[in-house]
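Report on one structure; see the data block that follows.
The values are calculated or read from the model by the stated rules, or taken from the named source; none is laboratory data. Small disclaimer: the values here were computed from a predicted structure and weren't measured. Here the Cβ is made from the backbone with ideal geometry for all residues, glycine too, and neighbour counts use every protein chain on show. Note: accessible area is taken over every heavy atom of the protein model, side chains too, but ligands, DNA and RNA are not part of it. Shrake-Rupley method; radii C 1.70, N 1.55, O 1.52, S 1.80 Å.
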Amino acid sequence: MAEQEWMSEVRAKVGREYGRVYAWDEVNAPMIRQWCEVMGIDNPLYTDAAHAAASEFGGIVAPPAMLQAWCLEGLHMNNYAPGSTDENPYEVLKMMEAHGYPSVVAVNSDLSFERYLKLGEKLYYTTRLDSVGEEKTTALGTGFFVTLIMSFFSQKPAGDEKVGQLLFRVFKFRPANVPKPAEKGAAPAVPKYKRPQPGVSDDTRFFWEGVQAGRLLIQRCTCCGTLRHPPAPVCIDCHSFDWDTVEASGKGEIHSFVVMHYPEVPPFEHPNPIGLIDLDEGVRLVAGLVGVKRDEIGIGQRVQVEFQSFDDGELTLPMFRPVAG
Ligand code: ZN
């Protein structure tokens with residue numbers, strides 16, 4: 001089948017090298033120590049100056065797997081170190097999105113190294129759009145495998161030295177259940193994306209039927225009275241298979257939360273705040289947060305359930321809205 005015309009614009013970008021992204025900091029001992037602590041790595045080459053000095057490296061070196069960490073933007077999006085490019089190496093993904101391939105899944109990430117990095121080295125990377133495959137259909141849907149290669153360099157007076165690279169491959173696709181947009185000629189149809197349906201089993205059906213009826217039901221062991229969520233066939237306390245349900249008040253507080261910024265997958269709004277809610281009855285559940293801005297969400301915030309209908313009534317979900325404490 002002949003490829004759609006807009007894809008020639010995508011293919012013209014294959015091989016393009018996108019500009020430098022600089023590290024905020026040179027390779028340094030505090031970042032290495034904290035990274036090792038988080039990852040649970042206790043190799044003294046990375047953290048013990050005396051041990052490292054007596055080694056073949058003559059001093060502390062950075063764990064190779066840290067390579068990408070040196071040039072990351074930091075906590076806030078697009079906060080790159082001065083001098084970094086503002087080119088977007090993912091621009092072809094945006095083009096695919098505009099033509100009806102909204103979803104993305106990472107499929108490969110291969111990190112390779114030339115050598116160990118020493119304290120004081122200053123890095124940057126460039127990104128090459130390595131390849132865009134032919135259109136393929138997988139179980140997820142139809143789309144393109146896109147491969148990017150980030151090459152990392154250490155800045156040297158005598159010429160920058162390549163120290164490693166990261167191959168990153170994604171599948172950019174139209175989910176299997178979404179109709180294809182209109183062919184060229186007609187105005188491009190904006191496909192209406194639906195929310196994913198929950199997986200309903202014999203164990204969870206009561207919960208979703210309750211939600212559909214505007215009730216938040218929690219499973220209760222009829223043998224010992226323990227409440228449990230998510231639903232399960234057996235009581236973790238007394239191992240009884242007998243259960244009924246109680247209706248929760250819908251009141252609780254935010255135990256933790258995340259705010260999803262990227263990728264922007266329709267039909268979700270972005271940023272998309274999601275909470276882990278401690279219900280007053282003593283169980284936790286994950287649900288969307290509504291009526292709150294990103295910087296107003298707080299651990300311990302009191303919330304109240306409300307039931308929202310999506311996709312013309314096909315799906316009802318419990319969402320939680322902050323209320324006065
Ligand atoms: Zn029990």
Phi to ³J(HN,Hα) by Karplus 6.51 cos²θ - 1.76 cosθ + 1.60 over the range 49-56, Hz, x for Gly, Pro: 4, 5, 4, 5, 5, 8, 8, 5
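What accessible area per residue comes out for the range 8-84, rounded to a whole number of Å², with a 1.4 Å probe? Numbers along the way, then the final one.
Numbers: 4490 Å² over 77 residues.
I get 58 Å² per residue for this part.
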To the nearest 10 Å², what's Leu276's accessible area with a 1.4 Å probe? 50 Å²
Check the straight Cα-Cα distances from Lys172 and name the lysines below 20 Å, setting aside those fewer than 8 residues away within the same chain. Lys13, Lys94, Lys136, Lys180, Lys192, Lys194
For the range 3-175, size of Cβ-based charge dipole, Lys and Arg +1, Asp and Glu -1, in debye: 140 debye
If you place +1 on the Cβ of every Lys and Arg, -1 on the Cβ of every Asp and Glu, and leave all else neutral, what size is the dipole of the range 81-136 about its Cα centre, to the nearest 20 Debye? 280 debye
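Classify the range 205-322: rounded, prolate or oblate, from the alpha-carbon gyration tensor (a ≥ b ≥ c, eigenvalue square roots; a/c under 1.5 rounded; otherwise prolate if a/b is larger than b/c)? Please report the intermediate quantities before stating the final value.
Working: a/c = 2.22, a/b = 1.64, b/c = 1.35.
Taking the square roots of the gyration eigenvalues as a ≥ b ≥ c, the range 205-322 is prolate.
With the Cα gyration tensor of the range 73-229 giving a ≥ b ≥ c as the square roots of its eigenvalues, does the rule (a/c under 1.5 for rounded; else a/b larger than b/c for prolate; else oblate) give rounded, prolate or oblate?
Values: a/c = 2.88, a/b = 1.58, b/c = 1.82.
Taking the square roots of the gyration eigenvalues as a ≥ b ≥ c, the range 73-229 is oblate.
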Per-pair calculated FRET efficiency, R0 = 30 Å: Met39 and His99 via Cβ, rounded to 0.05: 0.15
Between Ser109 and Val200, what FRET efficiency follows from the Cβ-Cβ distance if R0 is 25 Å, with the result rounded to 0.05? 0.15
Of every hundred units of 1.4 Å-probe accessible area on the range 11-109, the number belonging to carbon and sulfur atoms, as a percent, is 53 percent
For the range 3-175, the Cα gyration tensor yields equivalent-ellipsoid semi-axes (√(5λ), largest first, whole Å) of 36, 17, 14
Among Val92, Val211, Val132, determine the one that fluctuates most according to a GNM of the chain built with springs between C-alpha atoms less than 10 Å apart. Val211
Taking R0 as 45 Å, what FRET efficiency do you get between Ala158 and Glu264 from their Cβ-Cβ distance, rounded to the nearest 0.05? 0.55
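Pop out the Kirkwood hydrodynamic radius of the range 1-100 from its pairwise C-alpha distances, inverse of mean 1/r, in Å to one decimal. Walk me through the intermediate numbers first.
Numbers: mean 1/r = 0.0590 Å⁻¹.
The Cα-based Kirkwood calculation yields 17.0 Å.
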Sort the chain into rounded, prolate or oblate with this rule: let a ≥ b ≥ c be the square roots of the eigenvalues of the Cα gyration tensor; rounded if a/c is under 1.5, and if a/c is not under 1.5, prolate when a/b is larger than b/c, oblate otherwise. oblate
